[in-house]
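One structure is given here, and the rest of the page talks about it.
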Amino acid sequence: MSLEHDLGSLAIDIAREAGELARTRRDAGVAIAATKSALADIVTEADREVEALIRTRLKAARPDDGFLGEETGAERGASDVTWVVDPIDGTVNYAYGIPTYAVSIAAVRGEPTPNEWDALAGVVYAPVSGEVFHAVRGEGAWLGVNRIAVNPEVGPAGALLATGFGYDPATRPGDLELIGRVMPEMARDLRRAGAASLDLSYVAAGRLDGYFERGLSPWDLAAGALLVTEAGGRFGRAEPDGGPRGPLVVAATPAIFDRLAEAAGLV
Ligand code: IPD
């Protein structure tokens, strides 16, 4: 078995345990622990507890690896592997009782910065649906035990796309302008599910044709981007204007990637 395969298996086991903890805490009622970058950007007690569990499990299994988590930050390791973790992606859904949230865990090699790292394995686990999306570099992408692939083509009605919004209200006019450019150009419809890791997993599984969003953090996309590329899709991330809205991410089936990237301004 390859290192990538072993890392993927470990990530699945830990994501399952972490997801069950998140679901149990949700059923018991959720306390908002703090707001972060903006009033809308919340962290629950469960986010912290779930990240602590993931970190403890990873430390026990692979003590030399680095860690980059949404809630507890970065720690360099002695090995060249870093774990990039979002304990609960879709925290606002989680806090409102909307079941669309997921645990996202990826193992990357190199600088723990998107575009610089080399993703080795990733898992996105949605505890309410029980769906496990996972990918291993060079080996493919799966939903449970079934191989997944992006949609091979997009019909004449246009592409089913998804997007998301950052928490800073100052970025909203730009986000709406982006939708105004993309939708008339190519969309049959648009989804905003509220968890970037699942949006990317859905592109990988052919449930969406494409996805775009500005301002994602590394932990939102680390596992999902690998899922997309291992499922035969394309993923791009760039800072078109370097402004406060942050990097633009585009992921799609190759059938529409270039058109979507151009319409969204990923150049
Ligand atoms: C958020 C979700 C959301 C996306 C935001 C992310 P979080 O992650 O993925 O869909 O639109 O940009 O920050 O805060 O729930 O982990």
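The values are calculated or read from the model by the stated rules, or taken from the named source; none is laboratory data. Since we're looking at a predicted model, the values are computed, not measured. Heads up, the Cβs are rebuilt from the backbone with ideal geometry, glycines too, and the neighbour counts pull from every protein chain shown. These area figures cover heavy atoms from the full protein model, side chains too; ligands, DNA and RNA do not enter into them. Shrake-Rupley method; radii C 1.70, N 1.55, O 1.52, S 1.80 Å.
Tell me the per residue accessible area of the chain using a 1.4 Å probe; a whole number in Å² is fine.
Values: 11230 Å² over 267 residues.
I get 42 Å² per residue for this part.
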With labels modelled as points extended 7 Å from the Cα through the Cβ direction, what inter-label distance (nm, one decimal) is found for ARG192 paired with ALA61?
3.6 nm
Of ASP27, ASP47, ASP65, which is the most mobile in a GNM of the chain whose springs link Cα atoms less than 10 angstrom apart?
ASP27
Rg/Rh of the chain (Cα atoms, Kirkwood Rh), to two decimals, equals 0.95
Note: SER129 to THR113 extended length (0.36 nm per residue) minus current alpha-carbon separation gives 2.7 nm
Write down the Å³ per residue value for the convex hull defined by the alpha carbon atoms of the range 1-144.
106 Å³
Arrange the peptides 70-77, 98-105 so that the one whose residues have, on average, the most other Cβ atoms within 10 Å appears first.
98-105, 70-77
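As a test, work out the antiparallel percent of DSSP beta bridges whose residues both lie in the range 1-98, rounded to the nearest 5.
On the way: 6 of 10 bridges.
Looking only at bridges with both residues in the range 1-98, the antiparallel portion is about 60 percent.
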How large, in percent, is the carbon and sulfur part of the accessible surface of the range 3-148 at a probe radius of 1.4 Å?
50 percent
Local electrostatic count, ALA78, Cβ distance below 13 Å [Lys/Arg +1, Asp/Glu -1]:
-1
Cβ neighbours within 10 Å, averaged per peptide: list 147-158, 244-255, 205-216 in order, most packed at the top.
205-216, 244-255, 147-158
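Name the trypsin sites (Lys or Arg not before Pro) in the range 1-58 that are in a loop by DSSP and that have at most 15 other C-beta atoms within 10 Å, would you? Display every interim value, and only then the final one.
On the way: sites: ARG16, ARG23, ARG25, ARG26, LYS36, ARG48, ARG55, ARG57; in loops: LYS36.
Sparse-neighbourhood loop trypsin sites (Lys or Arg not before Pro): LYS36.
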Take the alpha-carbon centre of the range 142-180, take the same for the range 1-78, and report the distance between them in whole Å.
25 Å
Antiparallel bridge percentage (DSSP; both residues within the range 159-264; nearest 5):
60 percent
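Run the numbers for VAL267 and GLU17: contour at 0.36 nm per residue of separation, minus the present Cα-Cα distance, in nm. Spell out each step's value before the answer.
Values: separation 250, 0.36 × 250 = 90.00 nm, distance 3.98 nm.
Additional length available on full extension: 86.0 nm.
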Sorted list, accessible surface of protein heavy atoms, 1.4 Å probe, largest first, for TRP83, TRP219 is TRP219, TRP83
If one compares the long axis through the Cα atoms of helix 172-186 with the longest principal axis of the Cα atoms of the chain, the angle in degrees, nearest 10, works out at 60 degrees
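Grab the DSSP H runs of the chain that are 4 residues or longer, score each as -39,500 (n - 2.57), total them, divide by all residues and round the 222 nm result to the nearest 500 deg cm²/dmol.
Helix contribution divided over all residues of the chain: -11000 deg cm²/dmol.
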